Amino acid sequence: MTSCLLRAVRPARETKRAPLALANVDASGVFEGYASLFGVVDLGRDMVMPGAFRESLARRGATGVKLLWQHKASEPIGAWLSIEEDVRGLRVTGRLNLAVAKAREVLALMRDGAVDGLSIGFRADRFQRDGVSGVRRLTKIDLWEISLVTFPMLPQARVTTLKRSPVEHLRARWNAAARACERSFKRGAMGRIAKR
């Protein structure tokens, strides 16, 4: 009976999603962005306030927060290298573990733009609900995990960069130079043909 009552009053674990904007996709699977933005109301009528993650991050650190696929505890796909609050929100840097098949699939989907969301899994330890708007202002959050997801809850939060490895960077520069040479050759060849 007591455990049943405790489950009924204990705050439930929640998730919030934020889309990723992918600039460059890197072969090493490293990416950066924002998992949450401060002062922005999401589609679930929640607003995370500055400092809400502070205690949880001090207790867990980046290594204590899991990087999951679609909030599935059975599908870890990498690790968070850094998680920190700044003036804008919760800034994250993660690395997909490319020894894991699902992480390789996710990287391919990210490169294609098919997966572009981040979502936080948390427990709301302290909040205030606005009686008029119904918005819940989250002031203390126990952060458990951050997932890459298909459908985000917070449209304004984005991944700002997917880093390129040195090899991929050189490959991209080589391909760009080859395309430029090809365009130049075609213009030159077409110009000579037109003059005849």
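Any read-out appearing in this document is the output of simple, stated calculations on the displayed coordinates, not a laboratory observation. Keep in mind that what you see is a predicted model, and the values were worked out from it rather than measured. FYI the Cβ positions are ideal-geometry reconstructions off the backbone, even for glycines, and counts take in every protein chain you see.
Backbone geometry of the stretch 32-37 corresponds, through the Karplus equation with coefficients 6.51, -1.76 and 1.60 at θ = phi - 60°, to 3J(HN,Hα) couplings of 9, x, 10, 8, 7, 10 Hz, x marking Gly and Pro.
Given a Förster distance of 45 Å, report the FRET efficiency between residue 129 and residue 81 from their Cβ-Cβ distance, rounded to the nearest 0.05.
After rounding to 0.05, the efficiency reads 0.85.
Spread over its residues, the convex hull of the C-alpha atoms of the stretch 47-137 is 127 Å³ per residue.
Computed about its Cα centre, the charge dipole of the stretch 78-156 is approximately 120 debye, with only Lys, Arg, Asp and Glu carrying charge at their Cβ.
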